[in-house]
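Working notes, beginning with the structure itself.
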Amino acid sequence: MQIPHEVTARPDTGLYNAKLGIWLFLASEVMLFGGLFSAYIFLRMGAEDGYWPHGLLNVPVGAGNTAILIASSVTVVLAWASLKMRKFSQYKLWMGISILCGALFLIVKLAYEWPQKFEHFGAFIKKDAIEHYEKYLGNHHLKEKGLPPRVEISGHLHEVEIAADPAEKEKLEVFLKQHDLEAKPDEHDAKLQIVCSEKKDKDGKREGIRPGVAEDLEKVPGVKLIAFELGLDPINAAPDNPESDKPHFLYKGPTETPGKIERKDVEFYSSFAPKHSSYFAVYFTITGLHGLHVLAGVLIMLYFWLPIEGGANMFKRNPEHLANRVEVVGLFWHFVDLVWIFVFPIFYLL
Amino acid sequence: MSLKAFHLFFIVLAILLAAGCAAWGFVNGLAPAFGFTCSGIAFVLVIYGVSFLKKSRKLIL
């Protein structure tokens, strides 16, 4: 049975079925992302001074990804126009480029941007202990300039100092072995104080401890976390540097400048994971959901590109029907790119 | 709305984004090179948008 109005427009709506369907779907998507962007605005407006980070994201990488998505929107329109002109080889070329652009965007996100966050350590300092960490926070300098204070110290976690109950030593040893950690008795108290760090890599470079491992270590019976030793982020390594007072373009990773934070002074610590702060919660929710949409778009475009029934093979049988399908995926792809056009400035620049 | 119209709307927003990024780069001398690059991209997008509009009028899209 032939379904009517797959190729030609319905007389009452002026649209073929799939186009009406995609616009209804996109309307629901606007409400979904609109709600999330509203959440972002309220969380940001309600954030206490110092609890909304700036300059943690890599602007050149984000800008590059934005350019990739904008280029892919152009190529998907060229693919559709090629089909309308019945130029099949051009369609394959432009659609292929669109798919590659989408895949490249996802690779950058999954292989570089997100993993980097889960390796990064951040500790919010208790209000009554902030003065002790002035050399890392630079709040006197910020106050003179009328800028909001800093409450977080971040960087690359090198070592954690713990006190272990000798009676629970076996459980600690199992944990250390499971996580490939090195434990060395502290010179001050060989029995109780232990400094843990992950083993060195092949080049002898210290890899440090992932913040998640430090959190799990604290849950081992008989273990009490004493202090964190880290390679500080530039903002904490040189807090009085005027360059640290404003957003920056080039991302500079943690320095080798050492910093030590007592566990008792820490209100909350974690990697830059969603639980770290409202900022990262809303960042991962929006970029994660957007990433899923990109993945869906890439898979659908791939389906229309491959020489299969319902895909590119449809060109021989009914080229206008394939053009309509590509138009629909093009509308979806433009919406996904449009969302990113809002995501990039609010998270990376502002 | 067809893909053609949505594409034009998208290009207008992309131009605004590029212009905003250029302004961000120039403010306080944060990243002048980024500012110039974004200005260039905005300019290219304007040219592309106009040429797309002209060409799409000739084609039945």
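In this structure residue B:7 has an accessible area near 0 Å², from a 1.4 Å probe over the protein heavy atoms. With a Förster radius of 56 Å applied to the beta-carbon distance between residue A:346 and residue A:165, the computed FRET efficiency rounds to 0.75.
Pairs B:4/B:54; B:4/B:58; A:19/A:109; A:177/A:224; A:117/A:252; A:171/A:275: which exceed 21 Å Cα-Cα?
Over 21 Å apart, Cα to Cα: A:19/A:109; A:171/A:275.
On C-alpha positions alone, give me the angle between the axis of helix B:3-26 and the longest principal axis of chain B, in degrees, nearest 10. That works out to roughly 10 degrees.
Shielding of peptide B:3-15 by partners, expressed as the average count of other chain Cβ atoms within 10 Å per residue Cβ, is 6. Specify the residue with the greatest mean-square fluctuation among A:12, A:128, A:180, computed from a Gaussian network of chain A linking alpha-carbon atoms under 10 Å apart. Result: A:12 has the largest fluctuation of those listed. Among the trypsin sites (Lys or Arg not before Pro) found in the stretch A:64-136, those both in a DSSP coil and sparsely packed, with 16 or fewer other Cβ atoms within 10 Å of their Cβ, are A:86, A:87, A:126.
Classify chain A as rounded, prolate or oblate, taking a ≥ b ≥ c as the square roots of the eigenvalues of its Cα gyration tensor: rounded when a/c is under 1.5, otherwise prolate if a/b is larger than b/c and oblate if not.
prolate
For A:82, A:278, the ranking by accessible surface with the largest value first comes to A:278, A:82, using a 1.4 Å probe. Taking every full run of DSSP H in chain A, the ones that stretch at least 20 Å from end to end by Cα along their long axis and average -1.0 or higher on the Kyte-Doolittle scale are A:17-46, A:59-84, A:88-107, A:278-305, A:319-344. Relative to the current alpha-carbon distance between residue A:30 and residue A:215, full extension at 0.36 nm per residue lengthens the span by 62.8 nm. Distant-in-sequence amide contacts of residue A:267, defined by a placed amide H-H separation under 5 Å and a gap of 5 or more residues or a different chain, comprise A:124, A:125, A:126.
Normalising the average separation of contacting C-alpha pairs (under 8 angstrom, six or more residues apart) by the number of residues puts the relative contact order of chain A at 24 percent. Quick one: net charge around residue A:105, please, counting Lys, Arg +1 and Asp, Glu -1 for every other residue with C-beta under 14 Å from its C-beta. Summing Lys and Arg as +1 and Asp and Glu as -1 gives -1. Each label was represented as a point 7 Å from its Cα along the Cα-to-Cβ direction; for residue A:248 and residue A:289 these points are 3.2 nm apart. Backbone phi angles across the stretch A:141-157, fed through the Karplus curve with coefficients 6.51, -1.76 and 1.60 (θ = phi - 60°), yield HN-Hα couplings of 5, 5, 5, 4, 8, x, 9, x, x, 9, 10, 10, 10, 9, x, 9, 6 Hz in residue order; Gly and Pro are listed as x.
Tell me what the protein assembly as shown gives for mean residue ellipticity at 222 nm when only DSSP H runs of n ≥ 4 count, each as -39,500 (n - 2.57), the sum divided by the residue total, rounded to 500 deg cm²/dmol.
Working: 14 runs with 224 residues, N = 411.
That calculation yields -18000 deg cm²/dmol at 222 nm.
In summary, the lysines within cross-link reach of residue A:126, defined as a Cα separation below 16 angstrom excluding same-chain residues under 8 places away, comprise A:135, A:260, A:264. Peptide A:102-113 has a mean of 0 when you count, residue by residue, the C-beta atoms of other protein chains within 10 Å of its C-beta.
For peptide A:56-67, how many partner chain Cβ atoms fall within 10 Å of a residue's Cβ, on average? Walk me through the numbers before you get to the answer.
On the way: counts 0, 0, 0, 6, 2, 0, 0, 8, 0, 0, 5, 5.
So the per-residue partner count for this stretch is 2.
Among the GluC sites (Glu not before Pro) within the stretch A:37-129, those in coil by DSSP and having at most 12 neighbouring Cβ atoms inside 10 Å are A:48. Each Lys or Arg adds one and each Asp or Glu takes one away; over the other residues whose Cβ falls under 10 Å from the Cβ of residue A:218, this sums to +1.
Among the GluC sites (Glu not before Pro) found in the stretch A:256-350, those both in a DSSP coil and sparsely packed, with 15 or fewer other Cβ atoms within 10 Å of their Cβ, are A:256, A:309. Our summary gives the stretch A:38-130 a relative contact order of 24 percent, counting only alpha carbon pairs under 8 angstrom and 6 or more residues apart. Structure remark: mean-square fluctuation, Gaussian network model of chain A, C-alpha springs under 10 Å; the largest value among A:19, A:316, A:275 belongs to A:316. Report note on the peptides A:333-343, A:234-244: ranked by the mean count of other C-beta atoms within 10 Å, highest first, their order is A:333-343, A:234-244.
A crude spin-label estimate for the pair residue A:135 and residue B:57, with each label 7 Å from Cα along the Cβ direction, gives 6.9 nm. What the Cβ-Cβ distance of residue A:313 and residue A:128 gives, at R0 = 45 Å and to the nearest 0.05, is a FRET efficiency of 0.05.
Once a ≥ b ≥ c are taken as the square roots of the eigenvalues of the Cα gyration tensor of chain B, is the result rounded (a/c under 1.5), prolate (a/b larger than b/c) or oblate (a/b not larger than b/c)? It comes out prolate by the Cα gyration axes.
Across A:28, A:73, A:277, mean-square fluctuation computed from a Gaussian network of chain A (C-alpha pairs under 10 Å connected) peaks at A:28.
The values are calculated or read from the model by the stated rules, or taken from the named source; none is laboratory data. In this text the structure is predicted, and so the values were computed from the model without any measurement. Backbone-built Cβ (ideal geometry, glycine too); neighbour counts: all protein chains shown. Areas reflect the complete protein model, heavy atoms only, side chains present, ligands, DNA and RNA absent. Shrake-Rupley method; radii C 1.70, N 1.55, O 1.52, S 1.80 Å.
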